[in-house]
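Structure, as structure tokens:
The values are calculated or read from the model by the stated rules, or taken from the named source; none is laboratory data. This structure is a prediction, so every number in the text was calculated from the model and none was measured. Cβ placement follows ideal geometry from the backbone for every residue including glycine, while neighbour counts extend to all protein chains displayed.
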Amino acid sequence: MTNVAPAATPGLISAPVNAQRRILRVLVASQILSGAGLAAGVTVGALLAQDMLGTTSLAGLPSALFTTGSALAAVSVGRISQARGRRPGLATGYLTGAVGSAGVITAAVLDNPVLLFIALFVYGAGTATNLQARYAGADLAPAGQRARAVSSVLVATTLGGVAGPNLAAPAGTLAEHLGIPHLAGLFVISGAAYALAALVLALWLRPDPLLLARAVAQAEEADTAANPTTADTADTADTGKGRSGVVLGALVMILTQLVMVAIMTMTPVHMHDHGHSTAASGLVIGIHIGAMYLPSPLTGGLVDRYGHMKIAAASGITLLAAGFLAAVAPGDSVFLLALALALLGLGWNFGLVSGTAIIIDTVPLATRAKTQGLVDVSIAIAGATGGMASGIMVAATSYPALALTGGALSLALLPAVAATAYRR
């Protein structure tokens, strides 16, 4: 059954810019909360598994599980959004992430690794939803401003994402007072943050950006049919670039996600093995998450001004530098590891913003949400692969070997971008 966008009011159709401002404010508020939620799995997920299982070889499994869970959630959120709009899709995803956080806490109390892994899988819905929200920011944005709209949503994640890991120590203390293991403390914050993000979206993401965008497009089509001489004002995707655009956009985001997750996942374990505290690893991950999101306005402006291709290429070069620095940094140097993880986050940001802009510019509005969900599945699978392989590789070789391999792999972006640019 095909869902038709409800009729928009004349006021909203004539002034979508006003609606866009309100939508961005609500999305920013929800992203601040969800940023705190996603930080828990990154910071202490691997340490929880290592503590329960007593081995490093499976420390990458939590990252693999919640990124695999995010793949399933990406499909679900995309389909719900396609059928009913962004508001129910995003709110459902965040509520699912909150349920997963509660499951992790329960698993930690019971010292049950099987329940931990199931809960982390469910928790991954929050990660997927956090990323899907970036598309909502661009639904009503005009061509030439879409990357900046995406960036406005992404940068809001910085506040929660940076604060979250640095609450590891106090959250652990609070958890112990509540009879919960220390490492599970961040998941208490995560569950509350995801639940609040869902509430904000359910109450205030009105009008729904995707449904309004469809209504505006229908009104413009009707106006064009009635007044042919005023045609060509509608904002539509360049379908001639459709297939190659989707493939390139997906490839950019898949490679950057794979490299970023692999190196990021094992950095807290690497630091723990060199005697660093949870607070120190939380600081490094906080800096990393800040670098993932804070440069977004700058990146969006660069993409809109210089084009997708150049920023996608810059992503590969930046990730190479991050992998090299992480490999040569002494294990006792928090500063150099933090710098390497900052570059890792920046490279990921370049790839995500440029890749997202490519997808938005080349996918028609009628199938946009569904296609975006499917693309994010590929990104999540790449993250799951990176998370799982990272623990195995570090156990078999070393953290520096993992970092160098990731950096080298990121260079595959350069020939892909060059080939696509040549075909165009």
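Details
- Within segment 288-316, tally of residues that are more than 16 Å from the chain's Cα centre (by Cα) and under 16 Å from Met260 (Cα atoms): 4
- Test: residue in segment 202-214 that is more than 30 Å from Thr367 (Cα to Cα), assigned to a helix (DSSP H, G or I) and modelled with pLDDT under 90: no
- Sole residue being free of Cβ contacts under 8 Å to residues at least 60 places away in the same chain, over 28 Å from Ala107 (Cβ atoms) and not acidic (Asp, Glu), chosen from Leu210, Leu203: Leu203
- Total residues in segment 161-192, condition modelled with pLDDT of 80 or more, buried (at least 24 other Cβ atoms within 10 Å of the Cβ) and under 18 Å from Gln31 (Cα atoms): 3
- Some residue of segment 358-379 being more than 27 Å from Ala74 (Cα to Cα), assigned to a helix (DSSP H, G or I), of a type in the set (Val, Ile, Thr) and over 16 Å from the mean Cα position of the chain (by Cα): no
- Residue in segment 271-282 that is in a loop (DSSP other than H, G, I, E, B), acidic (Asp, Glu) and at pLDDT 85 or above present: no
- Every pair of residues 6+ apart whose Cβ atoms lie under 7 Å, when the first sits in segment 148-160 and is at pLDDT below 80 while the second is of a type in the set (Ser, Thr, Tyr) and buried (at least 24 other Cβ atoms within 10 Å of the Cβ): Thr157/Ser34; Thr157/Tyr293; Thr158/Tyr293; Gly160/Ser34
- Any hit, segment 86-108, residues being within 22 Å of Asp361 (Cβ to Cβ) and touching an Asp or Glu at 6+ places or on another chain (Cβ under 7 Å): yes
- Screening Ala91 with (1) farther than 21 Å from Leu352 by Cβ; (2) surrounded by 24 or more Cβ atoms within 10 Å (Cβ to Cβ); (3) small (Gly, Ala, Ser) gives one miss only, at (2).
- Extreme residue, nearest to Leu211 (Cα to Cα), among residues of segment 106-130 that are surrounded by 24 or more Cβ atoms within 10 Å (Cβ to Cβ) and over 17 Å from the mean Cα position of the chain (by Cα): Ala119
- Hey, Arg148 out of contact with any Pro (no Cβ under 9 Å at 6 or more places or on another chain), within 20 Å of Val28 (Cα to Cα) and either among the basic types (Lys, Arg) or outside any helix (DSSP H, G or I) (or both) or not: no
- Residues in segment 370-382 that are out of contact with any Phe, Trp or Tyr (no Cβ under 7 Å at 6 or more places or on another chain), surrounded by 22 or more Cβ atoms within 10 Å (Cβ to Cβ) and of a type outside the set (Val, Ile, Thr): 4 in all.
- Of the residues making up segment 53-64, not a single one is at pLDDT 85 or above, outside any helix (DSSP H, G or I) and either touching a helix residue (DSSP H, G or I) at 6+ places or on another chain (Cβ under 7 Å) or not small (Gly, Ala, Ser) (or both).
- Residue list for segment 383-408, restricted to those being under 23 Å from Ala128 (Cβ atoms) and surrounded by fewer than 24 Cβ atoms within 10 Å (Cβ to Cβ): Thr385, Met388, Ala389
- Scanning segment 236-257 for residues that are of a type in the set (A, V, I, L, M, F, W, C) and surrounded by 24 or more Cβ atoms within 10 Å (Cβ to Cβ), we see that the one that is modelled with the lowest pLDDT is Leu248.
- Residue satisfying all of: in segment 131-145; part of a loop (DSSP other than H, G, I, E, B) and among the aliphatic types (A, V, I, L, M); nearest to the chain's Cα centre (by Cα) among these: Ala138
- Screening segment 307-319 for residues that are part of a helix (DSSP H, G or I) and modelled with pLDDT under 90 and picking the one that is farthest from Ala418 (Cα to Cα) gives His308.
- Boolean, Leu298 is under 17 Å from Leu343 (Cα atoms) and either of a type in the set (S, T, N, Q) or in a helix (DSSP H, G or I) (or both): yes
- Residue satisfying condition, being hydrophobic (A, V, I, L, M, F, W, C) and within 11 Å of Thr356 (Cβ to Cβ), within set Leu131, Leu116, Leu140: Leu131
- Scanning segment 320-357 for residues being surrounded by fewer than 22 Cβ atoms within 10 Å (Cβ to Cβ), assigned to a helix (DSSP H, G or I) and either without any contact (Cβ under 8 Å) to a residue 12 or more places away in the chain or among the small types (Gly, Ala, Ser) (or both) gives a total of 6.
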